[in-house]
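First the structure, in the form of structure tokens, and then the observations on it.
The values are calculated or read from the model by the stated rules, or taken from the named source; none is laboratory data. Model, not experiment: these values are computed from the prediction. Note that each Cβ is placed from the backbone with ideal geometry, even for glycine, and that neighbours are counted across all protein chains shown.
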Amino acid sequence: MTEPEYALFSPDRPETLESLGLAAGVHLPLGRLKDLQERHGFEAILYFDENLARNSTLDADHMDFRIVPVQARPFMPLPVFLQVMAEHDPEFSDRMQQEPPVVEILETGTINRYSGCVQCIRPYVKGLLL
């Protein structure tokens with residue numbers, strides 16, 4: 001998976017995410033976050049390291065881990081996480097139905113991505129897999 005040439009993460013409270021009930025401090029099942037992302041087109045980034053998630057920024061983390069493959073980082077986009085889990089644990093989707101993992105929303109904001117002279121702006125959710 002390749003990433004755009006440049007991305008800037010701006011923490012804020014996009015109205016589209018607030019109207020979905022996505023705000024800092026909210027806990028929700030991973031499957032619910034996946035469904036919301038698919039229906040509403042925001043990007044969900046999951047963290048697996050609590051210290052990093054709570055004490056760093058997405059901008060800093062993307063810079064610090066830019067040479068690490070996306071699948072090996074202590075954070076990754078939700079679709080990448082689900083793909084990796086499906087490849088390494090065929091029973092993950094069944095367990096996700098029986099005992100859904102919970103995600104704590106830590107931050108919402110807007111991603112400004114630039115690839116050459118093309119700009120794409122999209123809301124994001126930063127979450128910690130509990």
- Item | Among (1) at pLDDT below 95; (2) in a helix (DSSP H, G or I); (3) within 24 Å of C120 (Cβ to Cβ), the one test that F9 misses | (2)
- Query: If a residue has to be surrounded by 13 or more Cβ atoms within 10 Å (Cβ to Cβ), over 16 Å from M76 (Cβ atoms) and among the hydrophobic types (A, V, I, L, M, F, W, C) to count, how many in the stretch 100-130 make the cut?
  - Reply: 2
- Query: Under the condition of being of a type outside the set (D, E) and assigned to a helix (DSSP H, G or I), which residue from the stretch 59-71 is surrounded by the fewest Cβ atoms within 10 Å (Cβ to Cβ)?
  - Reply: M63
- Query: Which residue pairs have Cβ atoms closer than 8 Å, lie 6 or more positions apart in sequence or on different chains, and pair a first residue in the stretch 41-58 that is under 11 Å from L78 (Cβ atoms) and assigned to a loop (DSSP other than H, G, I, E, B) with a second residue that is modelled with pLDDT of 95 or more and among the hydroxyl-bearing types (S, T, Y)?
  - Reply: F42/Y124
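Criterion first (within 14 Å of the chain's Cα centre (by Cα) and not in a strand (DSSP E or B)) does V103 satisfy it?
Values: within 14 Å of the chain's Cα centre (by Cα): yes; not in a strand (DSSP E or B): no.
Criteria not met by V103.
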- Note on the structure: M76 meets each of (1) exposed (fewer than 12 other Cβ atoms within 10 Å of the Cβ); (2) outside any helix (DSSP H, G or I) with one exception, condition (1)
